1. Relative to the first principal axis of the alpha-carbon coordinates of the chain, what is the inclination of helix 243-253, with its axis defined by its Cα atoms, in degrees from 0 to 90 and to the nearest 10?
2. Residue by residue, what Karplus-based ³J(HN,Hα) values in Hz, rounded to whole numbers, does the range 70-79 have, using 6.51, -1.76 and 1.60 with θ = phi - 60° and x for Gly and Pro?
3. As a check on your grasp of the helix formula, calculate [θ] at 222 nm for the chain: sum -39500 (n - 2.57) over DSSP H runs of n ≥ 4, divide by the residue count, round to the nearest 500.
4. In whole Å, how far is the Cα centre of the range 205-249 from that of the range 10-72?
5. Shape of the range 1-79 from its Cα gyration tensor (a ≥ b ≥ c, root eigenvalues): rounded if a/c is under 1.5, otherwise prolate when a/b > b/c, or oblate?
6. Highest first, please rank the peptides 342-348, 359-365, 81-87, 46-52 by the mean number of other Cβ atoms sitting within 10 Å of their residues.
7. Note down the net charge around Phe178, summing +1 for each Lys or Arg and -1 for each Asp or Glu among other residues with Cβ under 12 Å from its Cβ.
8. In percent, how large is the relative contact order of the range 233-380, given Cα pairs closer than 8 Å and 6 or more residues apart?
Amino acid sequence: MINTAIAAKFAEKETPFYYYDLAVLNKTLEAAYVASHKRGFHVHYALKANFNDVLLKAMQQIGFGADCVSGNEVKKAIECGFAAQNITFAGVGKSDKEINYALQQNIFAFNVESIQELEVINELASKQGVKANVALRINPNVDAHTHHYITTGLDENKFGIPNADLEKCAAVLKKCDFIELVGLHFHVGSQITDMTVFKSLCVKVNEWKNWFEERGTQIRVLNVGGGLGIDYKNPDGNPVPDFEAYFDIFDRFLERKPHQEVHFELGRALVAQCGSLVSRVLYVKNGVKKNFLVLDAGMTELMRPALYQAYHKIENISEGSATEALNYDVVGPICESSDCFGKEVPLPVSKRGDLIAIRSAGAYGEVMASRYNLREEIRFVYSDQL
């Protein structure tokens, strides 16, 4: 929560910047750890949500692994102290350079997304004289009921090995002398708040696990991905997702043998609520049809509204804000009409210099920032610095 006392400490700081509430972060991580650990589940933090060093250190210290989608993320995880044996490497387009680096680090597993990738990893591993652990990413064709840009588990999505190719994949695996199949991997999408989606995923995972086992292939790891959503509309009322309900779904409906491990790849749910983008009002433009607040932050600092039409709660956090309210289109300075954080947002009557907080921006905020329009590098402030 950003109250007026905290906002007063922002007054002399140059905006825009990301503000990270470490108390919220630690409370979230503790809740996720307790709910997963008591069930024997393994959590890997998805670096693509936020690779800020302070946040990564908190993940590493509580005992989570790292889920990476690029070679540089693998490198970053290792630099931040994650053990290589707790690092997974996913992504549909791993380059030879990235694969070779991950092989040299002896990471836990590659999440393989095509038969051709399987063959490439086998070839590169043979040249290094090592064996690569892999988990096959299977497209479960489960509808996540979320935005189509962040749905990943349907047949029309680019992710995973199509069901129709699994017979061929199993045959190719037998010929790959430098591949060790350790598990199956699934991921249906992001910002999922309907728990029945995860129940449907469990049914699919059970089916494919049985399919492989009936063919004599033992599966040690069931990686069910992530996707748990957060409450963007009420970040103060629900700062911590219901990890207990989330993990309970998999505990009840995922069929597993005593030797089988269950792995998760959580990102947004762990970091989104601890971060806010803080900006200043540069100009107020009141018109006949629209009232605009022009901020010094734009889509270069927070891309999600422009990219996904994503909602973020927007607050005027300046002390002594007017009691009278007005609807504003809250926009940035970037030379694009899509540079808009929210339309018809009810806010106290605002003025030049007021501080605006765009909430729940700890995930896919700082990491997606760009230098478009030759913007400055994004800054950040941590609660323990105030």
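Each reported figure results from applying straightforward, stated rules to the coordinates on display, with no laboratory input. As the structure is a prediction and not an experimental result, all values here were calculated from the model. Virtual Cβ from ideal backbone geometry, glycine too; neighbours counted across all protein chains shown.
1. So the helix axis and the longest Cα principal axis differ by about 30 degrees.
2. 7, x, 5, 5, 4, 4, 4, 4, 5, 4
3. Mean residue ellipticity at 222 nm (helix-derived): -9000 deg cm²/dmol.
4. Between the Cα centres of the range 205-249 and the range 10-72 lies a distance of 18 Å.
5. Note, shape of the range 1-79 comes out oblate.
6. 359-365, 46-52, 81-87, 342-348
7. Counting the neighbours of Phe178, the net charge comes to -1.
8. Across the range 233-380, relative contact order equals 30 percent.
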